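Structure record follows, encoded as structure tokens.
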Amino acid sequence: MNRSAATIEIGGIVPRSLIAKLTFFLWHANLCDLEGGTVGEYPNLPKDYADFIDGQLASDEGSSKPKGVVLSFSHSDAPGGAFQELEDFLEANKISFVRWNDSHPEWDSELKVFRPDLNRLRSDEDVVVASNLNHEALIPIETLRSALGMTDLKGFLDRYEGVGEELPPFRINENA
């Protein structure tokens, strides 16, 4: 399978009961923290990801920003430029994420946004758009031209809701 660099950011409220499964999928994808460091000692274990998440949440205490941080991970050689099993798990459990992958001779860079936290009719669907190396969405000129002729411009914009918006902070719901 062809590979490319990819990053994923995870945010929103996650039930405590899902943390063990989330850490398994992070471990299975062999993700690094966004600075490229390994999570825990090599070879790492799912527990290293649980400790990493706890450390990220603890480092946010006492901050003036809302409690929680967006969890950010990367891999320099992701199969197909994606983290398919992790993404499937996040979507099945309605956990918000944004995944970006670098281009490859067989595909362009893309941004995949899954935002079930937004109040839209399609909140259970992801949005995949082309992107540049700065992780910014690219909308083709023809798509924009067709939008200019639409009477329902709001419907067009709703299609891209969540693209370019910050994820909500990652928080653990201890009661779920």
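Kindly establish whether E91 is closer than 25 Å to N173 by Cα, at pLDDT 80 or above and either more than 19 Å from the chain's Cα centre (by Cα) or not in a strand (DSSP E or B) (or both).
Values: closer than 25 Å to N173 by Cα: yes; at pLDDT 80 or above: yes; either more than 19 Å from the chain's Cα centre (by Cα) or not in a strand (DSSP E or B) (or both): yes.
Answer is yes for this residue.
D48 passes all but one of (1) at pLDDT 75 or above; (2) within 18 Å of the chain's Cα centre (by Cα); (3) charged (D, E, K, R); which number fails?
(2)
Look through the range 116-126, keep the residues that are at pLDDT below 70 and farther than 22 Å from Q84 by Cβ, and return whichever of them is surrounded by the most Cβ atoms within 10 Å (Cβ to Cβ).
Filtering first and then ranking leaves R120.
Residues V129, V98, V113: which one is part of a strand (DSSP E or B), at pLDDT below 85, of a type in the set (A, V, I, L, M) and touching a strand residue (DSSP E or B) at 6+ places or on another chain (Cβ under 6 Å)?
Values: V98 fails: at pLDDT below 85; V113 fails: at pLDDT below 85.
Testing whether each residue is part of a strand (DSSP E or B), at pLDDT below 85, of a type in the set (A, V, I, L, M) and touching a strand residue (DSSP E or B) at 6+ places or on another chain (Cβ under 6 Å) leaves just V129.
For the range 135-176, give me each residue that is charged (D, E, K, R) and at pLDDT below 70. Give the steps one after another, and end with the answer.
Step one: filter the range 135-176 for residues charged (D, E, K, R), giving 136, 142, 145, 152, 154, 158-159, 161, 165-166, 171, 174.
Within the range 135-176, D152, K154, D158, R159, E161 qualify.
Can you name the residue in the range 25-45 that is crowded, with 18+ Cβ neighbours inside 10 Å and not in a loop (DSSP other than H, G, I, E, B) and is also modelled with the lowest pLDDT among such residues?
Selected residue: W27.
Among the residues of the range 96-106, which ones are farther than 11 Å from G11 by Cα and surrounded by 15 or more Cβ atoms within 10 Å (Cβ to Cβ)?
Step one: filter the range 96-106 for residues farther than 11 Å from G11 by Cα, giving 99-106.
Scanning the range 96-106 gives R99, W100, N101, D102, S103.
The values are calculated or read from the model by the stated rules, or taken from the named source; none is laboratory data. Nothing here was measured: the structure is a model prediction, and the numbers come from that model. Backbone-built Cβ (ideal geometry, glycine too); neighbour counts: all protein chains shown.
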